[in-house]
Structures are given as structure tokens and as C-alpha cells.
Amino acid sequence: MANPQYLVAIDVMDTLIHDPWREALEAATGLPHHEIGRRQDVRLWEGLEMSMIDESAYWQGLLEHGVKADPRKFHLARLQGYHWLPGAKELLQDLVAANHTVVLASNYPVWIEDLKPRLLAVANVPVYASCYIGARKPSPAYFEHLLTRHDSDYASMVLVDDSLANTEALSALGGYGIAHVDSGTTKSRLKELGVLR
């Protein structure tokens with residue numbers, strides 16, 4: 001009996017690649033991240049992630065909430081801070097080698113473009129970022145975009161993500177959400193599901 005074919009969506013930031021935006025915001029503002037989070041309207045960041053506002057509007061929005069940022073310092077720290085997490089590159093390679101449909105699924109602004117060369121050098125798979133789609137996980141609209149593009153359904157969809165809200169949302173819709181803690185644990189879960197051998 002043939003193994004089932006899955007649409008495997010794997011998150012990028014803090015699942016495969018360390019997301020340095022917290023450290024970058026601290027470098028750009030001189031404020032601890034928790035203080036920035038206390039002042040910032042979460043809709044501002046989400047708007048940037050979905051390309052509903054551009055970067056200049058984001059910085060202006062922070063300023064209106066009493067947070068002055070230096071974009072140059074932000075981007076310097078951001079670009080220096082990206083790195084593969086332990087075992088992540090191998091996890092991605094193993095998923096591609098398993099002959100399922102694999103996609104990269106990210107809530108991230110247009111800065112994802114800076115990561116594409118690094119990601120696609122490891123696995124030439126589609127990158128679906130919220131900035132392209134205009135929707136973000138855990139919205140069903142995000143998942144449905146992937147399903148439509150790959151002619152798949154929830155029963156065949158797997159999401160590997162460090163955000164419990166995202167994995168629980170997909171599970172509630174009939175898919176398989178795997179809450180990522182580390183690559184070794186995720187590989188074990190994928191083997192239990194039959195995605196990896």
C-alpha cells in the first residue's frame with residue numbers, strides 16, 4: 001500500500017531560521033523588547049507582515065506610540081542575526097527527500113526576500129509569506145491559499161510551526177499541526193505521522 005502524500009508547510013522564522021527582529025528592534029530603539037511590545041499596537045506589525053502598510057508607515061506608527069527607531073540600525077542587526085537553527089537545514093532536506101509537496105510558510109514582511117537565497121539553496125520549494133498573500137497564520141484564508149495552489153485538502157496538510165496558535169488552528173480545521181520545539185522532536189512526530197521514515 002502506497003504511503004499517503006502530504007502537503008507539508010514548514011514555518012521559517014524560529015522554526016528553521018532564528019528571527020532576530022526582537023534584538024534588531026532593541027538595537028534600533030534602545031528599549032527592551034517587552035517595553036516596545038507594551039507600547040506597540042499589534043495590528044501595526046501584522047499590517048506590515050501582510051503588506052497592508054509599508055515600512056515607513058510602520059516606523060511612523062511606532063513613533064506615534066512613543067517608540068523612536070533608527071531603521072539603519074534595525075536592518076544592520078536584522079541581517080547579522082539570521083542563522084539556521086540546530087538541525088533545521090537537515091530537517092528541511094529530509095522533508096524534500098521524502099517526496100511530499102513541501103512549502104515554506106511564513107508570517108513575515110518583505111524582508112523574507114533577504115532569506116530566499118539561503119533557504120532556496122537548501123531546498124528549491126515555494127515560499128508563501130504573509131506579505132505576498134495578504135493573510136497570515138492562523139487565519140483559514142492563509143491555509144486555504146496554500147491548499148488551492150497545490151490542489152490539496154486539510155486532511156492531507158501538515159504544518160510544522162513554533163507557534164502553538166498556528167498549529168492548533170490547522171488541527172481544528174482537519175489538518176495535522178506539529179508544534180515545533182526542536183528539530184529532533186519534530187522529526188519524531190513526522191515519523192509517527194508517516195511523513196518521514
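The values are calculated or read from the model by the stated rules, or taken from the named source; none is laboratory data. Bear in mind the structure is a predicted one, so any value in this text is a computation, not a measurement. Because the Cβ atoms are built from the backbone with ideal geometry, glycine has one as well, and the counts that use them run over all protein chains shown. SASA here: full protein model, heavy atoms, side chains in, ligands and nucleic acids out. Shrake-Rupley method; radii C 1.70, N 1.55, O 1.52, S 1.80 Å.
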Exactly one of Arg39, Arg43 is under 19 Å from the mean Cα position of the chain (by Cα) and either open to solvent by less than 30 Å² (accessible area, probe 1.4 Å) or farther than 22 Å from Ile10 by Cβ (or both), and that residue is Arg43
The condition from (1) within 18 Å of Gly47 (Cα to Cα); (2) of a type in the set (A, V, I, L, M, F, W, C); (3) in contact with a Lys or Arg (Cβ under 8 Å, 6 or more places away or on another chain) that Ala135 misses is numbered (3)
Subset of the stretch 41-78, residues among the hydrophobic types (A, V, I, L, M, F, W, C) and more than 30 Å from Ala141 (Cα to Cα), comes to Leu63, Val67, Ala69, Phe74, Leu76, Ala77
* Might you check whether a residue that is modelled with pLDDT under 95, open to solvent by 30 Å² or more (accessible area, probe 1.4 Å) and of a type in the set (S, T, N, Q) occurs anywhere in the stretch 114-125? => yes
Pairs returned, first residue in the stretch 118-137 that is among the basic types (Lys, Arg), second residue that is assigned to a helix (DSSP H, G or I) and loosely packed, with under 15 Cβ neighbours inside 10 Å, beta-carbon separation under 9 angstrom, 6 or more apart or interchain, are Arg136/Glu46; Lys137/Ala165
Of the residues in the stretch 148-170, those that are under 18 Å from Leu95 (Cα atoms), of a type outside the set (Gly, Ala, Ser) and either open to solvent by 40 Å² or more (accessible area, probe 1.4 Å) or over 15 Å from the mean Cα position of the chain (by Cα) (or both) number 3
Condition set out of contact with any Asp or Glu (no Cβ under 7 Å at 6 or more places or on another chain) and of a type in the set (Lys, Arg), scope the stretch 107-136, selection nearest to Ala172 (Cα to Cα): answer is Lys116
Residue hits (the stretch 58-74; in a helix (DSSP H, G or I) and open to solvent by less than 40 Å² (accessible area, probe 1.4 Å)) are Tyr58, Trp59, Gly61, Leu62, Phe74
If we keep only residues of the stretch 80-113 that are among the aliphatic types (A, V, I, L, M), open to solvent by 20 Å² or more (accessible area, probe 1.4 Å) and not in a helix (DSSP H, G or I), then the residue farthest from Val42 (Cα to Cα) is Ala98
Subset of the stretch 8-32, residues of a type in the set (A, V, I, L, M) and within 30 Å of Tyr154 (Cβ to Cβ), comes to Val8, Ala9, Ile10, Val12, Met13, Leu16, Ile17
